[in-house]
Structures are given as C-alpha cells and as structure tokens.
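Step one of this worksheet: look at the structure below.
Values in this text are rule-based calculations from the coordinates and carry no lab data. Computed from a predicted structure; not experimentally measured. Here Cβ is always computed from backbone atoms with ideal geometry, including for glycine, and neighbour counts include all displayed protein chains.
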Amino acid sequence: MAGGSQKTEGGARMNKILVIDDDQGVRMLYADELTDEGYDVVTCGDGSCVMEFIKEERPDLVVMDIKLGKYDGVDLLQDIRKAFDRLPVILCTAYPSGRRNFESIAPDDYVHKSSDLNELKFKIGKALDDKKEAVSIDGQSHMEEVKRTPIEPTDLPWKEPR
C-alpha cells in the first residue's frame, strides 16, 4: 500500500482516494492523474489489506477493479458495503457489459477502464460532491450522505420542530 495523508496549502485535508487494482500500471496511472487533480491517493494491489486500511485511514472514496487476481472484487465490494455502507465505491471494469452484471452489488458508479480518465475524474467529483460536509454534534464529527440519508430539521438536536 502506498500513499499518505496530505493537506492543501490552506491546511484543509485533501480528499483521500483508495485505488485498488492488481495491475501496477493502472495503479500508477490513476495515482498520477488523481494526484494532479488534487487528491491524496493511496493504492493497493489486491484485496488482502483493504478492510484494515479503510478502518485505519478512512478514505473518502474507493476506486476498484472488479478483477483482482486471486481476490474477487464483488466479494470485496460486499464486505466494504457491510462495514462501511456510506463509503462511495466506483467500480472500474474492462468489460462493457459490467454495468448490467454488477448492478445487484450496488457500487456508487461504474467506469469502463481506459487510459482517458476524464469519465473517472468526473464520477469521482460527483461522488464526493454528493457527500455533505462534516458537522459537529456534541464535539464529534459526523458525515451524512445526502443521497442515502437526508437530514430533516427535526432530526437536528439544536433545532426545535416547527
């Protein structure tokens, strides 16, 4: 696993993206391109360390191949969904029919693997924009995802219902 936590010039934390792919060339391409876009990128070549890494490092988004050598990307995605249901995951596949085949495992989005990463960059930006900024409640930071868990004003402890 490669990478580390970085901050922007203003001191704000950069969005951290975990790239999981068994092809080193793909990992390097994605890491270079996404770093140039201003993301903190970490990579992993297989599924063996992913769950522990997510627990410790808390990436903001995962980009993963569906075929990971001896690891099954479908099983790994299901494990991620069970443990981190609000973590956006974008599946990359070399198979154009992948979208239809993988809809039941509910990734946030799909991209067809290509050396042109414009579609991937767009979908990463969209997935991160769909997340709401952290709010502090009782001194703790909580992330709420707008798409999956809309917050009603009556749910907020400091707001009185109207």
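Couple of notes before you dig in:
- Two-site FRET efficiency, residue 112 against residue 56, from Cβ-Cβ distance with R₀ of 25 Å, rounded to 0.05: 0.20
- Anisotropy class of the range 16-132 from Cα gyration tensor, a/c 1.5 cut: rounded
- Less than 5 angstrom separates the built amide H of residue 19 from those of 42, 43, 44, 63, all sequence-distant by 5 or more or on a different chain.
- Legend: residue pairs 16/70; 82/113; 16/55; 70/121; 55/121; 82/121, Cα-Cα distance threshold 22 Å; pairs beyond threshold, 16/70; 82/113; 70/121; 55/121; 82/121.
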